[in-house]
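Novice: I am attaching a structure below and will ask some questions about it afterwards.
The values are calculated or read from the model by the stated rules, or taken from the named source; none is laboratory data. Everything quoted here is computed from the prediction, not taken from an experiment. In this analysis, Cβ positions are derived from the backbone assuming ideal geometry, glycine residues included, and neighbour counts consider all displayed protein chains. Side chains included, ligands, DNA and RNA excluded: accessible areas come from the protein's heavy atoms. Shrake-Rupley method; radii C 1.70, N 1.55, O 1.52, S 1.80 Å.
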Amino acid sequence: MDLGLRGKPAVVAAASQGLGKAIAWELAREGARLAICSRDEGRIRAAAEAIREDTGAEVHPFVCDLSREDEVATFVSQAAKALGGVDILVTNAGGPHPGHFEDVDDAAWYATYDLTYLSAVRLIREALPHLKRAGHGRIVVMTSISVKQPIPDLILSNAIRMSVVGMAKSLVPDVGPHGITVNVVCPGYVGTTRTKELFAARAEREGTSSEAVEEDLVRVVPLGRTGEPREVGALVAFLASERASYLTGNLIQIDGGLYRGVF
Ligand code: NAD
């Protein structure tokens with residue numbers, strides 16, 4: 001299937017490693033032109049170089065702390081300038097700290113609000129004029145399976161990501177008349193640095209090993225394994241494509257069957 005992504009300008013946030021990098025890589029394989037960001041200049045440059053070398057795609061790396069309004073605005077405007085527009089936006093950021101209700105204070109709630117919620121709002125706000133101009137824009141909002149079913153030791157993710165979903169769902173009718181689609185992706189356990197860190201933190205709390213934690217979690221995944229970042233990249237590339245032209249307002253889980261609910 002030709003996804004119709006050749007030459008399309010795409011912005012992917014938080015892409016020096018993990019899901020963001022895999023998404024950028026998959027879009028590049030399909031011929032999109034990319035602007036990517038993260039906080040560390042060396043790492044984002046290295047990610048851009050690796051993607052460029054493998055795919056031959058145009059990839060522009062930018063330094064941006066996604067929890068800061070001014071830096072998000074600068075990133076999107078520089079990205080749009082480098083690419084000559086933005087047709088595709090993938091919102092993504094680092095994950096919230098683990099913890100239960102009594103582990104987190106106001107500072108942690110506010111920091112998660114900035115990084116997880118406002119980063120998505122600000123990226124979309126800055127990209128919207130460009131997406132409207134494109135006339136067929138795609139917004140893919142990365143969240144987590146935690147919006148379908150809370151994860152026991154991730155209250156910050158469970159709570160704040162729900163507002164990301166509320167915002168994204170509200171946006172759908174506003175931008176639909178401009179030909180822009182908005183879809184929310186909800187990954188389960190995918191093998192990245194983030195999951196390694198979460199498994200290690202839980203292992204320490206429970207006095208066990210990371211391997212034992214992973215085995216325990218994977219036991220309830222019908223496909224019997226964690227996901228590969230590239231599998232998430234493939235889903236996002238499809239949602240960002242011309243082929244997904246009548247798909248909007250969806251929450252799409254990619255979790256090996258972990259979440260069993262109907263809605
Ligand atoms: P990761 O830790 O491997 O990568 C996170 C990326 O975000 C890195 O590129 C990092 O540099 C960047 N980043 C972090 N804070 C930033 C900031 N303030 N400004 C700019 N960039 C920043 O994590 P991942 O597994 O790729 O996860 C990405 C997102 O998806 C996270 O929010 C995570 O909670 C969520 N998620 C991941 C999984 C999973 O299984 N991996 C599942 C559900 C949700």
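Novice: Determine which member of the set Ile151, Ile155 is farther than 19 Å from Leu239 by Cβ, open to solvent by 30 Å² or more (accessible area, probe 1.4 Å) and within 16 Å of the ligand (Cβ to nearest atom).
Specialist: Ile155 is the lone residue from the list that is farther than 19 Å from Leu239 by Cβ, open to solvent by 30 Å² or more (accessible area, probe 1.4 Å) and within 16 Å of the ligand (Cβ to nearest atom).
Novice: Within the range 107-131, take every residue that is surrounded by fewer than 15 Cβ atoms within 10 Å (Cβ to Cβ) and not aromatic (Phe, Trp, Tyr) and give me the one that is nearest to the chain's Cα centre (by Cα).
Specialist: Here the residue is Arg125.
Novice: Look through the range 160-174, keep the residues that are of a type in the set (Gly, Ala, Ser) and without any contact (Cβ under 8 Å) to a residue 40 or more places away in the chain, and return whichever of them is nearest to the ligand (Cβ to nearest atom).
Specialist: We begin by selecting, within the range 160-174, every residue of a type in the set (Gly, Ala, Ser); these are 163, 166, 168, 170.
When the remaining residues are screened for being without any contact (Cβ under 8 Å) to a residue 40 or more places away in the chain, the result is 166, 170.
Numbers: Gly166: 17, Ser170: 21 Å.
Among residues in the range 160-174 that are of a type in the set (Gly, Ala, Ser) and without any contact (Cβ under 8 Å) to a residue 40 or more places away in the chain, the one nearest to the ligand (Cβ to nearest atom) is Gly166.
Novice: Here's a follow-up. Kindly check whether there is at least one residue in the range 227-241 that is assigned to a loop (DSSP other than H, G, I, E, B) and within 16 Å of the ligand (Cβ to nearest atom).
Specialist: yes
Novice: Continuing with this model, one more query. Helices (runs of 4 or more DSSP H) wholly in the range 3-95 with at least 3 residues that are open to solvent by 30 Å² or more (accessible area, probe 1.4 Å) and either among the aromatic types (Phe, Trp, Tyr) or more than 10 Å from the ligand (Cβ to nearest atom) (or both) - which ones? Show your work before the answer.
Specialist: Working: elements: 18-29, 41-55, 69-83.
Here the list reads 41-55, 69-83.
Novice: Hey, among Val213, Val262, which residue is of a type in the set (Val, Ile, Thr), open to solvent by 70 Å² or more (accessible area, probe 1.4 Å) and modelled with pLDDT under 95?
Specialist: Val262
Novice: Now for a separate question. In the range 177-195, which residues are open to solvent by 40 Å² or more (accessible area, probe 1.4 Å) and farther than 18 Å from Val236 by Cα?
Specialist: Pro177, His178, Thr193, Arg194
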